[in-house]
1. When you look at A134, is it more than 27 Å from E21 (Cα to Cα), in a loop (DSSP other than H, G, I, E, B) and free of Cβ contacts under 8 Å to residues at least 40 places away in the same chain, yes or no?
2. Quick check, is L225 of a type in the set (A, V, I, L, M), over 19 Å from E104 (Cα atoms) and either at pLDDT 95 or above or not in a helix (DSSP H, G or I) (or both)?
3. Among all residue pairs at least 6 apart or on different chains, which show Cβ distances below 6 Å where the first residue, located in the stretch 105-119, is touching a residue at least 40 places away in the same chain (Cβ under 8 Å) and the second is of a type outside the set (A, V, I, L, M) and in a helix (DSSP H, G or I)?
4. Pairs please, first residue from the stretch 69-85 and over 14 Å from S162 (Cα atoms) and in contact (Cβ under 8 Å) with a residue 24 or more places away in the chain, second anywhere and part of a loop (DSSP other than H, G, I, E, B) and open to solvent by less than 10 Å² (accessible area, probe 1.4 Å), Cβ atoms under 9 Å, 6+ apart in sequence or on different chains.
5. Is one or more of the residues making up the stretch 27-40 of a type outside the set (G, A, S) and without any contact (Cβ under 8 Å) to a residue 24 or more places away in the chain?
6. Is it the case that P200 is in contact (Cβ under 8 Å) with a residue 24 or more places away in the chain, open to solvent by 40 Å² or more (accessible area, probe 1.4 Å) and within 11 Å of I17 (Cβ to Cβ)?
7. Pairs needed: first member in the stretch 57-68, under 13 Å from K14 (Cβ atoms); second member anywhere, open to solvent by less than 50 Å² (accessible area, probe 1.4 Å) and among the aromatic types (F, W, Y); C-beta distance under 8 Å; at least 6 residues apart or different chains.
8. Can you report the number of residues in the stretch 41-63 which are exposed (fewer than 15 other Cβ atoms within 10 Å of the Cβ), among the hydrophobic types (A, V, I, L, M, F, W, C) and touching a strand residue (DSSP E or B) at 6+ places or on another chain (Cβ under 9 Å)?
Amino acid sequence: MHLYAGPLSLFSRKVEIALAEKAVAYTRTMVPFTQTKGYAPKNEAVLAANPKGQVPVLVDGELTLYDSTVILEYLEETHPKPALYPGNPGSRARCRIIEIEADEVLLEPVRRLMFRTEPPADAALRAQQEIAAAEAQHLIARNHERLDERLNGEAFLGEGYSVADIATFMVIHWSLRLGEPAIADLANLSAWYRRVAKRPAVAPVLTEIAEADRQVSHPVPGIRLP
């Protein structure tokens with residue numbers, strides 16, 4: 001297998017964690033990225049594989065896949081142990097719903113904070129961005145509170161550690177690396193975050209993300225990781 005990934009691609013990192021959890025051997029091309037130009041110019045292999053021109057892209061022999069959700073489901077089918085989806089249909093469906101919520105609901109307000117890792121813009125634009133960020137922080141805080149309630153008395157978001165935890169963890173980590181909001185006062189959520197962060201498949205990914213930030217990101221004040 002060969003993975004095309006991005007150093008600060010949340011969706012690429014989801015796939016890398018799943019590959020590590022399943023101990024799948026693979027090679028990786030880390031597509032160049034800057035905070036000013038993003039992934040431009042786009043990698044030719046990624047453009048050829050994905051009509052959206054985005055990472056992650058997974059190549060397995062003659063099969064080429066894009067979209068982190070599709071890739072995770074493929075890995076589960078081709079490498080079923082250890083399982084990252086529950087066994088019964090109902091629990092499996094709930095796991096998929098939680099992953100979708102992470103990618104499409106939880107991440108939406110976090111995107112409004114991403115300007116913080118970019119070089120400072122002109123004052124007027126920065127003021128508009130900060131207004132949007134303040135509104136986003138309220139949404140993120142409410143989402144964190146709901147997750148804290150869901151985790152009450154539970155080690156993970158489902159019957160066991162799963163894709164639901166991987167996807168949700170990455171969004172929570174992205175919000176924290178962008179400076180807001182802290183989760184220290186949410187006992188269930190912060191304990192879950194620490195539990196996932198310490199996993200052997202996850203900790204090296206967090207180290208790589210931090211190093212990528214040091215190399216290409218504008219410093220973000222106020223970062224508070226649990």
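The values are calculated or read from the model by the stated rules, or taken from the named source; none is laboratory data. Keep in mind that what you see is a predicted model, and the values were worked out from it rather than measured. Note that we place each Cβ from the backbone using ideal geometry, even for glycine, and neighbour counts take in every protein chain shown. Ligands, DNA and RNA are excluded from the accessible area calculation, which covers all protein heavy atoms including side chains. Shrake-Rupley method; radii C 1.70, N 1.55, O 1.52, S 1.80 Å.
1. So A134 fails the test.
2. Yes, satisfied.
3. Going by the 6 Å Cβ cut-off, the qualifying pairs are L106/N143; V110/W174; V110/S175.
4. Short answer, once both residue conditions are applied: I71/P56.
5. Of the stretch 27-40, the ones of a type outside the set (G, A, S) are 27-37, 39.
Okay, now just the ones that are also without any contact (Cβ under 8 Å) to a residue 24 or more places away in the chain, so 32, 37.
Within the stretch 27-40 (the criterion being of a type outside the set (G, A, S) and without any contact (Cβ under 8 Å) to a residue 24 or more places away in the chain), the answer is yes, since at least one residue qualifies.
6. Judged against the criteria, P200 is a match.
7. L58/Y4; L58/Y74
8. So the count comes out to 1.
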